[in-house]
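Reading through the structure tokens given below for one structure.
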Amino acid sequence: MRVVRVLRVGAVVGTAFAVMGAAPGASAPEADLSYHGSVAMTAGRIDVRFTPRNHGPSAVPDATVRLRWSKPLADRQTLPVGCARSGERVVVCRTGALAADEVGERIELRVRLRDASSEVLLELDTVWGGGAVDGNRANDQQRVLVLDTGDTYYF
């Protein structure tokens, strides 16, 4: 079942790149995506909660956010609908439609590291913005160092 999810998300991302490249010279809509939330790690189990936001000016029909860890994830993961593994250390999640100047639905997931570690670096960034151009990439790229203490880190 995990493979099906990966293929479905991969097809969405692949189609997005094909559409974005289909009209060279055409003016793309502009949007400004950002992600804010929290992350905590206890005994190699990482809980991530974040909310996507589109600061506008255009709506985004869907977007894909990538969560990348500095350590390999356990082979078996239970991920929420809309999220899929795309590598040994990577999970991608759909944000759903994001209206201009609106907050999207909160995304929550739990992953496990393959091996015990006292810390892990989590990086979030937009892989695909629904065909919109994001002139402010600084706020859709987050880096959080998470210690295996159970403490919550906000981004």
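The values are calculated or read from the model by the stated rules, or taken from the named source; none is laboratory data. Note that the structure is a prediction, hence the values are computed from the model and not measured. In this analysis, Cβ positions are derived from the backbone assuming ideal geometry, glycine residues included, and neighbour counts consider all displayed protein chains. Note: accessible area is taken over every heavy atom of the protein model, side chains too, but ligands, DNA and RNA are not part of it. Shrake-Rupley method; radii C 1.70, N 1.55, O 1.52, S 1.80 Å.
Report, by residue number, each residue of segment 57-69 that is surrounded by 18 or more Cβ atoms within 10 Å (Cβ to Cβ), without any contact (Cβ under 8 Å) to a residue 60 or more places away in the chain and over 11 Å from the mean Cα position of the chain (by Cα). Matches in segment 57-69: 69 only. Checking each residue in segment 102-154 for being open to solvent by 80 Å² or more (accessible area, probe 1.4 Å), modelled with pLDDT of 95 or more, closer than 24 Å to residue 82 by Cα and not in a loop (DSSP other than H, G, I, E, B) picks out 102, 103, 108, 110, 112, 143, 154.
Only one residue in 16, 28 is surrounded by 17 or more Cβ atoms within 10 Å (Cβ to Cβ), modelled with pLDDT under 95 and either part of a loop (DSSP other than H, G, I, E, B) or more than 11 Å from the chain's Cα centre (by Cα) (or both), so which one is that? Talk me through it step by step, then tell me what you get.
Numbers: 28 fails: surrounded by 17 or more Cβ atoms within 10 Å (Cβ to Cβ).
Among 16, 28, only 16 is surrounded by 17 or more Cβ atoms within 10 Å (Cβ to Cβ), modelled with pLDDT under 95 and either part of a loop (DSSP other than H, G, I, E, B) or more than 11 Å from the chain's Cα centre (by Cα) (or both).
Tallying residues that are assigned to a strand (DSSP E or B) and β-branched (Val, Ile, Thr) within segment 79-101 yields 3. When every residue of segment 41-48 is checked against the conditions, at least one turns out to be touching an Asp or Glu at 6+ places or on another chain (Cβ under 6 Å), open to solvent by less than 20 Å² (accessible area, probe 1.4 Å), touching a residue at least 12 places away in the same chain (Cβ under 8 Å) and not in a loop (DSSP other than H, G, I, E, B).
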